[in-house]
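All remarks here apply to the structure that follows.
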Amino acid sequence: MSDRVHHGQTSDEEVQAKLARLDQKVDEAWDHRLSHVMRSSQGRAFVWGLVLSAGLYEGDFEPDANRTYFLEGRRSVGLDLMRETQRVCPEHHVLMIQERITEAALDEKLRAAITNHVPKSRED
């Protein structure tokens, strides 16, 4: 059998090269989409909401091992998302965190202001 590739047939190397190019295009498309979302404050808030809903900053120990495994899997998704934002658009990743810190501080000030203006009940 000849080692030469005949017209119309592809070698394993050609197939692997095509698959590698396709993988690269898929990765570039993902990066572009994530970068696009992270460019807006609404997009960054949405991503942060996903990270929070993944339970990234919550404790995940439960007496039930299956529940712990579930929570760890959910948390893993949040970690992956955070890693991706750091890799693809580190400047927007930092901005996202800064915005959430600012938002949390404003929420705390608002809560304090509301608490200070709520009339205390009198016990007669």
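Key figures for this structure:
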{"quantity": "Cα-projected label distance for Ser41 with Val15, points at 7 Å along beta-carbon direction, nm", "calculated": "5.3 nm"}
{"quantity": "Mean Kyte hydropathy of -1.0 or more with a Cα span along the axis of at least 24 Å, helices from DSSP in the chain", "calculated": "12-38, 65-88, 90-117"}
{"quantity": "Mean separation of Cα contacts under 8 Å (6+ apart) over length of the chain, as relative contact order %", "calculated": "24 percent"}
{"quantity": "The chain: most fluctuating residue of Ala54, Ala112, Ala104 per GNM, C-alpha cutoff 10 Å", "calculated": "Ala112"}
{"quantity": "Choice from Arg21, Arg74, Arg33 with maximal GNM fluctuation in the chain (Cα, 10 Å cutoff)", "calculated": "Arg21"}
{"quantity": "Max mean-square fluctuation residue, GNM over the chain, Cα-Cα springs under 10 Å, options Gln98, Gln24, Gln16", "calculated": "Gln16"}
{"quantity": "Cα-derived Rg to Rh of the chain, Kirkwood definition", "calculated": "1.30"}
{"quantity": "For His92, His32, order by how many other beta-carbon atoms lie within 10 Å, fewest first", "calculated": "His32, His92"}
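Every number here is computed from the coordinates shown, using simple stated rules; none is lab data. Predicted model only: the values in this text are computed from it and were never measured. As a convention, Cβ positions derive from the backbone with ideal geometry for all residues, glycine included, and neighbour counts pool all protein chains shown.
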